[in-house]
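Worksheet: one structure, shown below.
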């Protein structure tokens, strides 16, 4: 998507500015601010998110909308047992609510969207200051778009379940004597099954006459282009870990004879927690 590349350049500038102004933070005396978790260990980061959104939907009434979005985001890394196929588990979940309007005619729409991604990863590169993990991912994306301009059929439900790839990077460095980390994660779905009604099929007809199978479509990068890209800085504040970053969610599909696009750019702020899983005695 062309929008993702433009947003990535803007967000890189934002992260650099955050890095420059954050050097007075008090750092604990330890070598790395963000190590990959070991066996049975988990790192969990919970963040609030807010930003901008843009949507276009041509289901019975084609319009483009722009507005703001707010939500919650959760990311996790879990260490698996040694000598197994995958060394790390990676999760990403978020729910967001968007309020948008059509800049041309004043019409409004609302969107409620959620993502749940689980990646199974191994180290492609592993150094003292850098970790590159890659692996397959299972993804679920569900959402509701409420269009106030279309009184006959205002609600559009869409989503997909599928598989794809996940690439996760962590680069550890020091700046003015403070240990920090830069993270970047990319999720891309490759194949799966999506629910999307045909262009001339109102939901009332689907309910009244059936034919639900007609609304299930096989997805691929040819008819459903999507990505989730995360970039973040992990900063030490005494014994805590502050994570400041940006999440870009982009989706554009051509299913059921109509087009749908939803693009979110969200600023995220959260804290990291590292804990050990409990081992129960047999």
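Among the residues of region 72-92, those identified as closer than 21 Å to residue 188 by Cα and part of a strand (DSSP E or B) are 72, 73, 74, 75, 76, 77, 78, 88, 89, 90, 91, 92. The condition of being without any contact (Cβ under 8 Å) to a residue 60 or more places away in the chain and either over 30 Å from residue 206 (Cβ atoms) or crowded, with 16+ Cβ neighbours inside 10 Å (or both) holds for only one of 180, 110, that being 110.
Pairs meeting the criteria (first residue in region 259-282 and within 30 Å of residue 146 (Cα to Cα), second residue modelled with pLDDT under 80 and surrounded by fewer than 19 Cβ atoms within 10 Å (Cβ to Cβ), beta carbons under 7 Å, at least 6 apart or on different chains) are 259/58; 263/3.
Yes/no per residue for (1) at pLDDT 95 or above; (2) in contact with a strand residue (DSSP E or B) (Cβ under 7 Å, 6 or more places away or on another chain); (3) under 19 Å from residue 95 (Cα atoms):
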| site | (1), (2), (3) |
| --- | --- |
| 156 | no, yes, yes |
| 159 | no, yes, yes |
| 164 | yes, yes, no |
| 176 | no, no, no |
| 180 | no, yes, no |
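The combined condition, being at pLDDT below 95, surrounded by 17 or more Cβ atoms within 10 Å (Cβ to Cβ), in contact with a strand residue (DSSP E or B) (Cβ under 9 Å, 6 or more places away or on another chain) and part of a strand (DSSP E or B), is not fulfilled by residue 123.
Among the conditions (1) in contact (Cβ under 8 Å) with a residue 40 or more places away in the chain; (2) within 19 Å of the chain's Cα centre (by Cα); (3) surrounded by 15 or more Cβ atoms within 10 Å (Cβ to Cβ), residue 48 misses just one, which is (3).
The values are calculated or read from the model by the stated rules, or taken from the named source; none is laboratory data. Bear in mind the structure is a predicted one, so any value in this text is a computation, not a measurement. Positions of Cβ are backbone-derived with ideal geometry, glycine not excepted, and every protein chain shown enters the neighbour counts.
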